[in-house]
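**Q** Pasting in a structure now, in structure tokens, and then I'll have a few things to ask.
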Amino acid sequence: QVQLVESGGGLVQAGGSLRLSCAASGSIFSINIMGWYRQAPGKQRELVAVIANGSSTNYADSVKGRFTIFRNNAGNTVYLQMNSLKPEDTAVYYCAAYRQGYAYWGQGTQVTVSS
């Protein structure tokens, strides 16, 4: 089992920045991908960014150049640095970890960007 705890969400004005954190615990030794997804009201959950072992990354087109995903050296915490935030970035952001073909999810953290 893997437990994920997110933090760092909140309310910010358009153009501002936030950093989300996701701490993984439990059976983290076989996690090979961690990432962030988001879900806005009335919309499906969508990929924001993922990072694999070896530090390769992938981003949604809508956040490229504004968001950066990175992990700590121990590999058990993943961050999402969000700059130049827009109102359309408003959503619940979920951390995900993939281990042995199974996806684990955090409880989500709300990000609200005011115009």
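**Q** Which semi-axes, in whole Å and largest first, does the equivalent ellipsoid of the chain have when worked out from the alpha carbon gyration tensor as the square roots of 5 times its eigenvalues?
**A** Working: eigenvalues 109, 39, 31 Å².
Semi-axes from the Cα gyration tensor: 23, 14, 12 Å.
**Q** For residue 68 and residue 107 in the same chain, what is the full-extension length gain: residue separation times 0.36 nm, less their Cα-Cα distance, in nm?
**A** 11.9 nm
**Q** Continuing with this model, one more query. Once neighbouring chains are kept in place and the probe is 1.4 Å, which whole percent of the accessible area of the chain is contributed by carbon and sulfur? List each step's numbers first, then the result.
**A** On the way: 2810 of 5920 Å².
Carbon with sulfur: 48 percent of the solvent-accessible area.
**Q** Would you kindly compute the Cα radius of gyration of the range 48-99 and its largest Cα-Cα separation (Dmax), both in Å?
**A** 11.5, 33
**Q** Additional query: How do 14-22, 100-108 rank on mean C-beta neighbours within 10 Å, highest first? Provide the component values of the computation, followed by the final result.
**A** Values: 14-22: 16.4, 100-108: 13.2.
Ranked by mean Cβ neighbours within 10 Å, highest first: 14-22, 100-108.
**Q** Over the Cα atoms of the range 1-50, compute the convex hull volume and normalise it per residue, giving Å³. Let's see the in-between values first.
**A** Details: hull volume 5.6 nm³, N = 50.
About 111 Å³ per residue, rounded to a whole number.
**Q** A further question follows. Counting only heavy atoms of protein chains, what accessible area per residue, in Å², does the range 1-109 have with a probe of 1.4 Å?
**A** Values: 5600 Å² over 109 residues.
Averaged over the residues of the range 1-109, the accessible area is 51 Å².
**Q** For the chain, what relative contact order do you get, as a whole percent, if you take Cα pairs closer than 8 Å and at least 6 residues apart? Before the final figure, lay out the partial values.
**A** Details: 280 pairs, mean separation 42.6, N = 115.
So the answer I get is 37 percent.
**Q** Could you pull the Cα extents of the range 19-83 along its three principal axes, largest to smallest, in whole Å?
**A** Here the Cα extents, ordered largest to smallest, are 35, 24, 18 Å.
The values are calculated or read from the model by the stated rules, or taken from the named source; none is laboratory data. Since we're looking at a predicted model, the values are computed, not measured. Here Cβ is always computed from backbone atoms with ideal geometry, including for glycine, and neighbour counts include all displayed protein chains. Note: areas computed on protein heavy atoms with side chains; ligands, DNA, RNA excluded. Shrake-Rupley method; radii C 1.70, N 1.55, O 1.52, S 1.80 Å.
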